[in-house]
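Student: Got a structure for you, written out below as structure tokens; questions coming shortly.
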Amino acid sequence: MDLEKIKNRVLSFTRYIKEIEVVEHNHYPYALIYPDFEALKEAKIINIQEELRWYAIELYNMEADEAQKIKGYRILRAPMPKTASGEVDFAAINELLNSKNVPEIGDEDEPKDEIYTTLKSYLSTITKNKIMPSSHLELDLGLDSFNYVELFVFMEQSFGIKIDEATFSGLMRVESLYMYILENSLHVDFVKPDWEKILDEKIDEKLVYSPIIMFAYKTVLFPLFKLYFRLEVVGAENIPSYPCIIAPSHQSMLDGFLIESILPYKVLKKSFFLAYKQVFGTTLLEPISKHGQSILIDANVDLKHTMQLCALPLREGNNLVIFPEGARTRDRKLLEFRPFFAMLSKTFNIPILPVVIDGSYEALQTGKIVPRPKKIRVTFLKPIIADGFESTKLAKITRDAIESELKRNPVSL
């Protein structure tokens, strides 16, 4: 196994890695990555793990043979361990990988003023990890885009500070964020964000309805998919006639088009599809998304406004099709479900319709352009009501339902 070749290939996909070492661990390549935090800051990227995973590790995995795929990685917030001579200390790396114990985070001197206490108190409501001044908001505390929006609103309401992603990208450690608040705060309070109020704020954008074009897409795609993929639809009777969040599993680029082709026209014309601008905002796909009742989002730009835009279809009594995994699977296994869709369900008191898409991974794997004629089954499960569940629990219930169906009744390939 040529680990140096793997390392260099991963580096060729991104400029956001400062150091990387690839070692053999449990018979597969394992990557340790020290990001180029300055380059990430300049690019205003605040979702570091997603950037490095999908646009470095997984781009490499798409072209690698199975035995050469990177099956695990760790993002470091400090440079690689070095020997006295300045070489990479592989003994220290192997000890780190083989250790079953997670090292304790040592105590640090912390500011005692009201601003730091208020900030830390709030952070403790959105992370279970130990909070120290040196803690990185994403890599140590595990915050994501959903948490960042809450944090921005908290800063505005509790300290009188409006902040954007460009500024925030340079404040990703607790101490840096604290110092920024210390220098710019207008008052000190503790106001926990209210998602109902956040999503109820008026925005300038209007939904673009394209019922005739949606009907044309459906008319063309459904018989084509039935013939080419032997498309099987199960549980169509579970599709509500009232507004809901349609939450499918995500195996390939075909998935959105599959849902579009299957939904009854009365449901489809009132359905909007959430999609990433980086994919569906490209020259090739933008004409389709522009007239396909799609809402294009960017995970690093104007997050609060983005989430308000996502809520707009629900506020107007429509359906929202959102893939809770946030990305296509690269190995057929379900990814973790992000809780934003569940929060929308709770806020607007509308049900979630879990949808199992199975077989599209084999039909069009990531990196391929021409689909293969593999059988695809789409199963609509019974709607899930949000009452009585926290967002994280609701997200888990939805994922468990989809995973259970995938295991119980796998498509015959």
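Student: Using beta carbons and a limit of 8 Å, which pairs, at least six apart or on different chains, have the first residue in the range 325-337 and closer than 16 Å to residue 254 by Cα and in the same structural domain as residue 391 (by TED's automatic domain parsing) and the second one assigned to a loop (DSSP other than H, G, I, E, B) and modelled with pLDDT under 85?
Tutor: 328/366; 330/366
Student: Hey, among the residues in the range 29-75 that are among the hydroxyl-bearing types (Ser, Thr, Tyr) and in contact with an Asp or Glu (Cβ under 9 Å, 6 or more places away or on another chain), which one's farthest from residue 86 (Cα to Cα)?
Tutor: 30
Student: Is it the case that residue 332 is of a type outside the set (A, V, I, L, M, F, W, C) and modelled with pLDDT of 95 or more?
Tutor: So residue 332 does not fit the description; no.
Student: Still on this structure, I have one more. Can residue 53 be described as of a type in the set (Lys, Arg), under 28 Å from residue 303 (Cβ atoms), outside any strand (DSSP E or B) and touching a Pro at 6+ places or on another chain (Cβ under 9 Å)?
Tutor: Spelling it out, it is not the case that residue 53 is of a type in the set (Lys, Arg), under 28 Å from residue 303 (Cβ atoms), outside any strand (DSSP E or B) and touching a Pro at 6+ places or on another chain (Cβ under 9 Å).
Student: Anything in the range 289-307 that is of a type in the set (A, V, I, L, M, F, W, C) and crowded, with 19+ Cβ neighbours inside 10 Å? List them, or say none. Can you show your working first?
Tutor: Step one: list which residues in the range 289-307 are of a type in the set (A, V, I, L, M, F, W, C), which gives 295-297, 299, 301, 303, 307.
Across the range 289-307, the qualifying residues are 295, 296, 297, 299, 303, 307.
Student: Pick from the range 47-84 the residues that are free of Cβ contacts under 8 Å to residues at least 24 places away in the same chain and under 23 Å from residue 134 (Cβ atoms): which of them is surrounded by the most Cβ atoms within 10 Å (Cβ to Cβ)?
Tutor: Ranking the qualifying residues of the range 47-84, first place goes to 81.
Condition check ((1) under 19 Å from the mean Cα position of the chain (by Cα); (2) among the aromatic types (Phe, Trp, Tyr); (3) over 16 Å from residue 11 (Cβ atoms)) across all residues:
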| residue | (1), (2), (3) |
| --- | --- |
| 26 | no, no, yes |
| 49 | yes, no, yes |
| 53 | yes, no, no |
| 65 | no, no, yes |
| 75 | yes, no, no |
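Student: For the range 165-190, enumerate the residues that are surrounded by fewer than 13 Cβ atoms within 10 Å (Cβ to Cβ) and part of a loop (DSSP other than H, G, I, E, B).
Tutor: 186, 187, 189
Student: Tell me, yes or no, whether the range 203-210 has at least one residue that is of a type in the set (S, T, N, Q) and buried (at least 17 other Cβ atoms within 10 Å of the Cβ).
Tutor: Scanning the range 203-210, I find no residue that is of a type in the set (S, T, N, Q) and buried (at least 17 other Cβ atoms within 10 Å of the Cβ), so the answer is no.
Student: Give 18, 7, 44 a once-over and let me know the one that is on the phi > 0 side of the Ramachandran plot and either of a type outside the set (Phe, Trp, Tyr) or free of Cβ contacts under 8 Å to residues at least 40 places away in the same chain (or both).
Tutor: Details: 18 fails: on the phi > 0 side of the Ramachandran plot; 7 fails: on the phi > 0 side of the Ramachandran plot.
Just a single option satisfies the conditions, and that option is 44.
Student: Consider the range 21-47. How many of its residues are within 21 Å of residue 170 (Cβ to Cβ) and out of contact with any Phe, Trp or Tyr (no Cβ under 8 Å at 6 or more places or on another chain)? Spell out how you get there, then give the answer.
Tutor: Of all residues in the range 21-47, those within 21 Å of residue 170 (Cβ to Cβ) come to 33-47.
Okay, now just the ones that are also out of contact with any Phe, Trp or Tyr (no Cβ under 8 Å at 6 or more places or on another chain), so 34, 37-38, 41-42, 44, 47.
Count: 7.
Student: Shifting gears a bit: Just one of 156, 150 is among the charged types (D, E, K, R), in contact (Cβ under 8 Å) with a residue 40 or more places away in the chain, surrounded by 14 or more Cβ atoms within 10 Å (Cβ to Cβ) and outside the structural domain of residue 33 (by TED's automatic domain parsing); which is it?
Tutor: The match here is 150.
The values are calculated or read from the model by the stated rules, or taken from the named source; none is laboratory data. The model shown is predicted, which means the values in this text are computed figures rather than measured ones. Using ideal geometry, Cβ is built from the backbone for each residue, glycine included, and neighbour counts are taken over all protein chains shown.
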